[in-house]
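Colleague: Input: one structure, supplied below.
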Amino acid sequence: MQRAEDNPIYAVQEVPGKGKGLIALRKIRKGTRILCEEPLLTLPQVGDQMDPELLASIIRQVDALTEDQRQIFLSLHNLHPYTNDAERYLGIACTVSLPIDDPDGRADGGVFLDASRINHACDNNAQKYWNTNIQRHTVHALEDIDEGKEITVYYLRTRRKREIRQATLRSDFGFNCSCRLCSLPPDENQRSDKRLEEIHRLDGLISKDGLRGILLDPLWVLRYVDRQVRLYNEQGQDDVGLPRALLDAAQIAIAHGDLARARVFVERAVSRWRVGLGDDSKEVVENRTLAEDPSKHRLYGLSNKWRTTVEDVPRDLDLDDFEDWLWRRDNVEPTTDVETLANLRTRTTFPSFSSLPNEKEIDIVYYERKDTGAFGPRRHWCFLAEIVDVVMLLQSRLKLELKDIDGRKVDLLFYTPGRGVELDHTRVQKGYTVALLYAERHKFRFEPQPGIRHEDPSRIKIFTTSLEGLFALSDEVQQYSMDHKGLKTCHGCGKKGTSLNKCARCSFFWYCDKACQVAGWTVKGHKVNCTHLRDPDLRGLFELRWNQFDSYARFPLRTSADFQTLESPISPTWI
Ligand SMILES: C[S@@+](CC[C@H](N)C(=O)[O-])C[C@H]1O[C@@H](n2cnc3c(N)ncnc32)[C@H](O)[C@@H]1O
């Protein structure tokens, strides 16, 4: 066991207002392993702190210590009152134990002579870690630590805003934190809090749809991760979350066959872990191998849509261009092998409420700095949600209660000059779907939950179909209206061919011949969808080039040049 006195890099000393702590005895360089310690005693995995096995195990282990070790153990911090030795031991163990990730499931935590002396700071300069490979607790310097400075680690599981951190530190560890981050002047603190809460929110968005999200909407998830990594960098603090985010990015790339970017992301994650966890950590060992050959990852081969080899990393880009390449910030949807009609299930273009930009912030997923220096949209987007209730508020203001793709309830309040009466009232019906261009999240003063404040009448359209109905139509459009590598699929019989004909009324769906068109019309419900597709706004949702922003789109959306058959009779007709 390595003790402070064997290793003059630090000493255990009194720290004003904190009890004892670790002080650097000389300059400690970033990445240095400050300590590497075996537990003095371990806490068995039990249901709770009242489990008799926990107490019995601690008593057994304390009795087996040398007298010197016992004295040091008894001098460790104890937040709990006690009336006898057993309670005292348990109190100390529960106050100062650090997590142990035991693959055999025996130990849950451990008490360490030196590591258990390290105090907390929200802007910690060192990283604590249980290294399963060497079965030791390690602490590494995350930055250069000058002689005489205190070595600090972060006690909490997540990085949250000051108010939450302080409340948790008070309740779980019994102290008021006065670190540099907790002592920032109000405006700086507000910026830091905002970044930390946004990182936290992005965590939820990145993991929300799991593998499904990565496969259906990789660009969208990658943008969340990109934003999170930028926020970590702005916060200017190394955090365990940063390499994890880089590994998330690598997994998105790998799932779509993009080995070039995957390797860069994994290498970046490994270099962070090397500093905070050390070369012998599980994270470094496993991911070093992954960086050599990212195709060994279990997600490789699920999709080939971004296929590259590890050799395809560009060599001649400057730093900014390289980052744009790496994070696919080129504002172009990934190339697919199909002619593009928008898929209404694509979250990049048709986001859920929680993914909409916040009205008060510049969200770089949606906005970019234009040549004029001001921020403007980098793409078009449209919020789709179904009406679940229609409410007339005081002062004749319309409120629509909506349900979005995640099933989340959202209030849409009308601040248009007509306060909502300008809408075609036959369309303001429960079960119909609202499409809102450029929607943003808004915090109403009088409502606890955020909603949408709608001001511009040209940005709303109500479709006379449910949200599910709209998605089902979109699925059919993807299948029967697009040309997949030159092959079209007949909506009537499902056969593929190169020279099918389009329905002359909607000019969307493909058919082999008259018989297939009749089958599509009568048996497969095209009669209904064809009618919906007569609405140029609905056609516009499919046809708009959502990722190319020149100017704001508005309803009515008329994007199709070949749309001349609106007035044709309601029966299947040929082109
Ligand atoms: C694991 S012990 C750390 C070592 C402890 N200072 C000692 O003297 O043994 C955790 C306790 O240290 C104190 N502590 C840790 N970080 C602190 C901080 N930033 N400010 C004040 N007290 C702190 C709190 O009493 C906390 O419950």
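The values are calculated or read from the model by the stated rules, or taken from the named source; none is laboratory data. Just so it is clear, the structure is predicted and the values come from calculations on it, not from any experiment. For accessibility, only protein heavy atoms count, side chains too; no ligands or nucleic acids. Shrake-Rupley method; radii C 1.70, N 1.55, O 1.52, S 1.80 Å.
Colleague: For segment 189-248, report the convex hull volume of the alpha-carbon atoms normalised per residue, in Å³, without decimals.
Modeller: 66
Colleague: So, with a 1.4 angstrom probe, what is the percent of accessible area on the chain that is carbon and sulfur?
Modeller: 49
Colleague: Let a ≥ b ≥ c be the square roots of the eigenvalues of the Cα gyration tensor of segment 467-550; is it rounded (a/c under 1.5), or, if not, prolate (a/b larger than b/c) or oblate?
Modeller: Oblate shape, in that a/c is at least 1.5 and b/c is the bigger or equal ratio.
Colleague: Normalise the Debye intensity by I(0) for segment 353-463, one equal point scatterer per Cα, no solvent, then take log10 at q = 0.11, 0.19 Å⁻¹ and round to two decimals.
Modeller: At q = 0.11, 0.19 Å⁻¹ the computed log10 ratios are -0.36, -1.00.
Colleague: Run the reach check for Lys27 against lysines, Cα to Cα strictly under 26 Å, same-chain hits fewer than 8 apart removed. What comes back?
Modeller: Within the straight-line limit of under 26 Å, Lys27 reaches these lysines: Lys18, Lys128, Lys149.
Colleague: Across the chain, what fraction of all alpha-carbon pairs, as a whole percent, falls in each successive 10 Å bin from zero upward?
Modeller: Computed distribution, short to long bins: 3, 14, 20, 20, 17, 12, 8, 4, 1, 0.
Colleague: Near the amide H of Val15, under 5 Å away, which other amide H atoms are found, from residues 5 or more places off or on another chain, if H is placed in the peptide plane?
Modeller: Lys20, Gly21
Colleague: Return P(r) of segment 4-173 (all Cα-Cα pairs; 5 Å bins starting at 0; whole %; ordered from short to long distances).
Modeller: Using 5 Å bins, I get a P(r) of 1, 8, 16, 20, 21, 17, 10, 4, 1, 0 for segment 4-173.
Colleague: To the nearest 10 degrees, how steep is helix 467-480 against the longest Cα principal axis of the chain, on a 0 to 90 scale?
Modeller: Tilt relative to the chain: about 70 degrees.
Colleague: Using Cα positions and a limit of under 25 Å, work out the lysines in reach of Lys461, with same-chain residues fewer than 8 apart set aside.
Modeller: Cross-link targets: Lys360, Lys399, Lys403, Lys409, Lys430, Lys443, Lys527.
Colleague: Oh, and also: With runs of 4+ DSSP H residues as the only contributors, calculate the mean residue ellipticity of the chain at 222 nm using -39,500 (n - 2.57) per run, divided by the residue total and rounded to the nearest 500.
Modeller: The helix-only estimate for the chain comes to -10000 deg cm²/dmol at 222 nm.
Colleague: Taking only protein heavy atoms into account and a 1.4 Å probe, give the accessible area per residue of segment 49-208 in Å².
Modeller: That works out to 50 Å² per residue.
Colleague: Output wanted: per-residue J couplings in Hz (rounded whole) for segment 510-523, from phi through Karplus 6.51 cos²θ - 1.76 cosθ + 1.60, θ = phi - 60°, x for Gly and Pro.
Modeller: 8, 9, 6, 7, 4, 4, 5, 5, 5, 4, x, 5, 8, 8
Colleague: Separate question: May I ask for the percentage of alpha-carbon pairs in segment 186-326 that lie more than 23 Å from each other?
Modeller: So the portion of pairs separated by more than 23 Å is 36 percent.
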